[in-house]
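The values are calculated or read from the model by the stated rules, or taken from the named source; none is laboratory data. Here the structure is a predicted model, which is why all the values come from computation and not from measurement. Every residue, glycine among them, receives a Cβ derived from its backbone with ideal geometry; neighbour counts consider all protein chains shown.
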Amino acid sequence: MSDLNIETLQKVLPSRLKGAVTPSLVQRINNISSDPVLNEQIKSNILGYTSVLQNGKFKTEEYVNAVIYVSYKLMGYTNLDSYIKTFPQRYQLLVSKGTSSKDIAAYVTMYNKGKLVNKILEQTLVPTWVLNQDIYQKAINTQAELMVTGKSEKVRAMAAHSLLTHLAKPEKAGPLINIDMTANTGLDDLKETICKLAEMQQNMIKSGKASTKEIAEQQIQEAVIDE
């Protein structure tokens, strides 16, 4: 990423904060660190977390400081070290005034618990279900295998039920889901058909109308469409 300029930073900020972008602020962002990798990451974070500014009366400089602080924390620095690196002049002023280590630690703790810092930290968190996608898929594969090859009908029926439960179409879409499903790709129809087939097979096994071996050996016939 090349150096930020005023126009780039203004584009990602709410309208009420665009006027607070000054050449000195942009220069500070571009010269955060002599480490180019760290510099690039901090600039990327500053551009990427601006959604936290949509609500609240935060200032642009406060936002930049909080992002820098959080960026250092994400690198593994302690709260105190992150604070010192973010506010070197402020820290030196405290030391020059003879402020005790205990009091400085208290200031750091207060800043770390601030609303803006924590709103930015929330943006950096990766949901557990995303981190464990591979485990989730392995669990599905295991259940699918048990449904076909389990040694007892009870195990096969429970595996089939588990798949029907966890792969069913959600009844209600959450407020954070924003996926355009207007285009009909046929995938919904296919999934619904598969679910109905699995449910029917499960009922046949339970009622004794068919064995698991018969179900497993069933063949899918290709439909012939009259033109």
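Worth a mention:
- So Ile68, is it in the same structural domain as Thr109 (by TED's automatic domain parsing), within 19 Å of Asn118 (Cα to Cα) and either buried (at least 17 other Cβ atoms within 10 Å of the Cβ) or touching a Lys or Arg at 6+ places or on another chain (Cβ under 8 Å) (or both): yes
- Residue in the stretch 124-136 that is under 23 Å from Gln201 (Cβ atoms), at pLDDT 70 or above and either not in a helix (DSSP H, G or I) or not assigned by TED's automatic domain parsing to the domain that holds Ser71 (or both) present: no
- Of all the listed residues (Leu38, Leu94, Leu47), the sole one being over 14 Å from Asn118 (Cα atoms), surrounded by fewer than 18 Cβ atoms within 10 Å (Cβ to Cβ), at pLDDT 90 or above and of a type in the set (A, V, I, L, M) is Leu94.
- Criterion violated by Val26 - all others in (1) of a type outside the set (Lys, Arg); (2) under 27 Å from the mean Cα position of the chain (by Cα); (3) buried (at least 17 other Cβ atoms within 10 Å of the Cβ) satisfied: (2)
- Counted residues, the stretch 51-65 - those being without any contact (Cβ under 8 Å) to a residue 60 or more places away in the chain and surrounded by fewer than 20 Cβ atoms within 10 Å (Cβ to Cβ): 8
- In the stretch 160-174, of all residues being in a helix (DSSP H, G or I) and modelled with pLDDT under 80, the one that is surrounded by the most Cβ atoms within 10 Å (Cβ to Cβ) corresponds to Leu163.
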